[in-house]
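Down below is the structure, laid out as structure tokens.
The values are calculated or read from the model by the stated rules, or taken from the named source; none is laboratory data. Small disclaimer: the values here were computed from a predicted structure and weren't measured. As a convention, Cβ positions derive from the backbone with ideal geometry for all residues, glycine included, and neighbour counts pool all protein chains shown. In case anyone asks, the SASA skips ligands and DNA or RNA and just uses the protein heavy atoms, side chains included. Shrake-Rupley method; radii C 1.70, N 1.55, O 1.52, S 1.80 Å.
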Amino acid sequence: MAIIAGLRDKRIILGVCGSIAAYKALDLASKLTQAGALVDVVMTDAAQRFVSPLSFQAVSGRPVYSDMWRAEASGGLPSHIAHVGLAEGADLLLIAPATANTIAKLAHGMADDMLSVTALAARCPLLIAPAMDGGMAEHPATQANFAILRGRGAQVIEPERGRLASGLHGRGRLPETATLLGHIRRALGQGGELTGRKLLITAGGTREALDPARYISNRSTGKQGYAIAQAAIDAGADVVFISAADLPPLVGAVRVDVDSAQAMLEAVLAHIAGCSALIMAAAVADYRPRSVAEQKIKKSDKAMNLPLERTPDILLAVKAQRVESGYPTVVVGFAAESENLLENARGKLQAKGLDLLAANDITAEDAGFAVDTNRVVLLDSDGGTQEIELASKDVIGAAIIKRVGRLLD
Ligand code: CTP
């Protein structure tokens, strides 16, 4: 896992309680560390019955705290008293998994072990990821404790439904690491430079149906649009993510899944009011079958002609309504080119009324469709160009969001 800009050098306290899901917290501690965060793990006594402190120390590379009476802070923390040292200057306290017992303690301000005393001393945002079996999460006592904690500004990450360790089925599972990372990124992004701004971001190649079994599409996988949306969440934006691709969940965004260019156009126009920026990273099909067959088209021995018609151009539709509404303040497009990159891109910037355009050469093997890296040239409406060398799509996404932030300033 690569460094994540929004997590680099962030001090995260990871509280681990006694649940079988404690083993999943090991993966989370490892991924956070790989992403560049400084992870200080605090374990309850019960947690140590499931996983050893040494395991957390091995993946985080930092001391693990569990004994309220013995612990002295180390690892460059701001106080030698462990719970104060941990709490002071922490960027986030995440308790995952959080048991009903620790949640009850936190709700009522009790402080009788290393984790609860640290939580009481901490001033940073508090994220709680409960995991419990046997319907305990749905018990009125636990629900009331969630309500108390939410009322104080803590964020409770809903446990997921599924098979529990007991063999019962219900709501109580700790979400996967990727989901927890998404919640952490959203929490750390709050207060960032795009806080209070609404961004509309599209991704993926649209699918234009031919019959119930077939469609016409392109090679876009939506990875670049997804990375841009994640970068916007890292910057604190309210993101509406319109996706035509099969992409993982994006914590912190309103997600609208669409298939065709027409559906994407409708979704964009439905969400455009009040938008600070629209970023059209989607590879919208330019043509669709003139009619969609109700039944699967059967083959014959003759060659087949497929009449196509133009799809709506979403950016042109946005340009037309922008004249009336003034929204969005900033419009960003992409240009996927296989020749005359800059010339074609500049033409699109002007024709589509864009403020910024990211041009990429889709013939390069390490950039463009389906790969994890990209190389773009950013053109602006003042004639400026900025080349972004080969980098991960996450890095490119962050660079685009930075430019959007500057344009909005
Ligand atoms: N786009 C759009 N609506 C379409 C086609 C494209 O809004 N029907 C947007 C894309 O999301 C992208 C930009 O327009 O941000 C340029 O897309 P691209 O496919 O490079 O260009 P086209 O306008 O389709 O022109 P051509 O395919 O002829 O190069």
When you look at residue 324, is it open to solvent by 60 Å² or more (accessible area, probe 1.4 Å), of a type in the set (D, E, K, R) and either closer than 28 Å to residue 271 by Cα or part of a helix (DSSP H, G or I) (or both), yes or no? yes
Among the residues of the range 244-290, how many are touching a helix residue (DSSP H, G or I) at 6+ places or on another chain (Cβ under 7 Å) and on the phi > 0 side of the Ramachandran plot? 1
The conditions are (1) more than 16 Å from the ligand (Cβ to nearest atom); (2) touching a Leu at 6+ places or on another chain (Cβ under 8 Å); (3) not in a helix (DSSP H, G or I), and residue 391 fails exactly one of them. Which is it? (2)
Just give me the residues in the range 339-351 being over 10 Å from residue 378 (Cα atoms) and either near the ligand (Cβ under 9 Å from one of its atoms) or open to solvent by less than 50 Å² (accessible area, probe 1.4 Å) (or both), in sequence order. 341, 344, 347, 348, 349, 351
Elements of type strands (runs of 3 or more DSSP E) in the range 238-298, at least 1 residues being within 12 Å of the ligand (Cβ to nearest atom) and crowded, with 20+ Cβ neighbours inside 10 Å: 238-243, 277-280, 287-289
Being surrounded by fewer than 19 Cβ atoms within 10 Å (Cβ to Cβ), within 16 Å of the ligand (Cβ to nearest atom), part of a strand (DSSP E or B) and more than 28 Å from the chain's Cα centre (by Cα), is that true of even one residue in the range 310-321? yes
For the range 110-143, enumerate the residues that are within 31 Å of the chain's Cα centre (by Cα), more than 19 Å from residue 166 (Cβ to Cβ), surrounded by fewer than 21 Cβ atoms within 10 Å (Cβ to Cβ) and not aliphatic (A, V, I, L, M). 123, 124, 125, 143
Cβ-Cβ under 8 Å pairs, at least 6 apart or on other chains, the range 298-320 side more than 18 Å from residue 211 (Cβ to Cβ), far side open to solvent by 80 Å² or more (accessible area, probe 1.4 Å): 310/286; 310/287
Checked 397, 405 against criteria (touching a Phe, Trp or Tyr at 6+ places or on another chain (Cβ under 9 Å), part of a helix (DSSP H, G or I) and more than 12 Å from the ligand (Cβ to nearest atom)); the one match is 397
How do the strands (runs of 3 or more DSSP E) wholly within the range 160-207 filter down when requiring 2 or more residues that are open to solvent by 20 Å² or more (accessible area, probe 1.4 Å) and in contact with a Gly (Cβ under 9 Å, 6 or more places away or on another chain): which remain? 160-163, 169-173
Out of the residues in the range 1-59 that are touching a Gly at 6+ places or on another chain (Cβ under 7 Å) and surrounded by fewer than 16 Cβ atoms within 10 Å (Cβ to Cβ), state the one that is farthest from residue 182 (Cα to Cα). 49
Pairs with Cβ under 7 Å, 6+ apart, first in the range 88-114 and over 11 Å from residue 47 (Cβ atoms), second open to solvent by 40 Å² or more (accessible area, probe 1.4 Å) and of a type in the set (Val, Ile, Thr): 107/148
List pairs: first in the range 54-83 and free of Cβ contacts under 8 Å to residues at least 12 places away in the same chain, second open to solvent by less than 50 Å² (accessible area, probe 1.4 Å), Cβ under 7 Å, 6+ apart or cross-chain? 72/82; 74/63; 78/85; 79/73; 79/85; 80/73; 81/73
Any chance residue 354 is of a type in the set (A, V, I, L, M, F, W, C) and open to solvent by less than 40 Å² (accessible area, probe 1.4 Å): yes
